[in-house]
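So the structure is just underneath, and the comments pick up after that.
Taken together, the values in this text are just the output of simple stated rules run on the coordinates, not laboratory data. Given the structure is predicted, the values throughout are model-derived calculations rather than measurements. Cβ sites come from the backbone with ideal geometry, for glycine too, and all protein chains shown count toward neighbours.
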Amino acid sequence: MTGLPEGIAEILEQRPIRLGTRASPLAMAQARMTAAALRERWGLAEEQVELSPVVASGDRITDRPLADVGGKALWTRELDWSLGGGAIDLSVHSMKDVETVRPETFLIAAMLPRADVRDVLLGATSIEALPEGARFGTSSPRRAAQIRSMRPDITTVLFRGNVATRIGKLQAGEADATLLAAAGLDRLGETLDGMVSARLDSDTWLPAPSQGAVGIEVRSDDAPMRALVGGIDHAETSICVFAERALLLALGGNCHSAVAALARMDGDTVHLRAILYSEDGADEVGGETRFTGTDADAPARLAAELLARAPATITKLFDPG
């Protein structure tokens, strides 16, 4: 354990590093990945990093759209209480589920290497192959708008719950098709044996901002934990995800906003693409920009340009302030 950040050895003499996570199967898998990364980077023993799971409100409430019952805060609220109160040292989040504006008392200090950003279609080999008038299960405004922009004949039905729950609903016939994040399926080891499925090309089907990214959050004033977590940060992922989050912030999006966005590194340049949709998918406006990672204002310029070109059916879903 040589080379530990200042203050960490003293903490470990008293207790293990306490890693907060939601108790869902996918969140636990991501927390175990984070714990393993910390142990490997700093030479920590198994017992020196422990998981502290909580049941998030978003996991308890599965019969209503997230936007109707509190938005993305339902995924972070219980962990925020634990982190702010000192019961845990850090929180592990699916970045797709983290509010764009976070309390100043917390800091997203690191991200793991990003996984597959694509969506996986279950129930058909392509969007075009879905039957006429198919029922599409989702709780995502982005996915609902995207599918209806391509197939206006499709009807959306509410699908909430973890990966296994949504697969079970599909197999029970509650919908003809649904979409799941490839990253979640891969991290859970879901093979989808016997199910008709396809991974959708991210060039034509943009994912949600931050999809596939796992972030680690600490208290802003906790210098030892900031340094500890910073040791496992994947810089490329952080640059791209923070660009996508900066776009969302400038757009003034909320849980009703249908936004698809993806940033990728091309050498030293960030390539950021985004599409905004109306709720019914009938209208859309897209754009892209390339910039160096030091140009913090580039995502906001793209946001302003998109909103300037967007019709009222889209702009009404945003509040750029």
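Tabulated data for the structure shown
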item	result
Lys316, Lys96, Lys169 arranged by Cβ crowding within 10 Å, fewest neighbours leading	Lys316, Lys169, Lys96
From phi via Karplus (6.51, -1.76, 1.60), per-residue ³J(HN,Hα) for region 282-298 in Hz, x at Gly/Pro	5, 10, 8, 9, x, x, 8, 8, 10, 7, 7, x, 8, 8, 5, 8, 4
Residues His234, His93 arranged by fewest to most Cβ contacts within 10 Å	His234, His93
FRET efficiency, Glu10 to Glu128 (Cβ-Cβ, R0 56 Å, nearest 0.05)	0.40
Contour excess over end-to-end distance, with Cα ends at Met195 and Ala164 and 0.36 nm allotted per residue	9.8 nm
Within the chain, longest stretch clear of exposed GluC sites (Glu not before Pro) (DSSP loop, no more than 10 other Cβ within 10 Å)	133-321
Gaussian network model of the chain, springs between alpha carbon atoms under 10 Å - residue of Asp297, Asp233, Asp97 with greatest fluctuation	Asp297
Net length gained if the chain between Arg309 and Arg39 were fully extended (0.36 nm per residue, minus Cα distance)	92.3 nm
Segment Thr292-Arg77, length gained on full extension (0.36 nm per residue, minus Cα span)	74.0 nm
Vicinal HN-Hα couplings computed from phi for region 248-260 (Karplus, 6.51 cos²θ - 1.76 cosθ + 1.60; Hz; Gly/Pro x)	4, 4, 5, 6, x, x, 9, 6, 8, 7, 9, 10, 10
Thr269-Thr155 pseudo-label distance in nm [points 7 Å out on the Cα-to-Cβ vector]	4.7
Extreme residue, positive dipole direction of region 119-199, given options Gln171, Leu130, Met150 (C-beta unit charges)	Met150
Antiparallel bridge percentage (DSSP; both residues within region 119-199; nearest 5)	60
For region 118-130, 3J(HN,Hα) per residue [Karplus equation, 6.51 cos²θ - 1.76 cosθ + 1.60, θ = phi - 60°, Hz, x = Gly/Pro]	6, 8, 10, 7, 10, x, 7, 8, 6, 4, 5, 7, 5
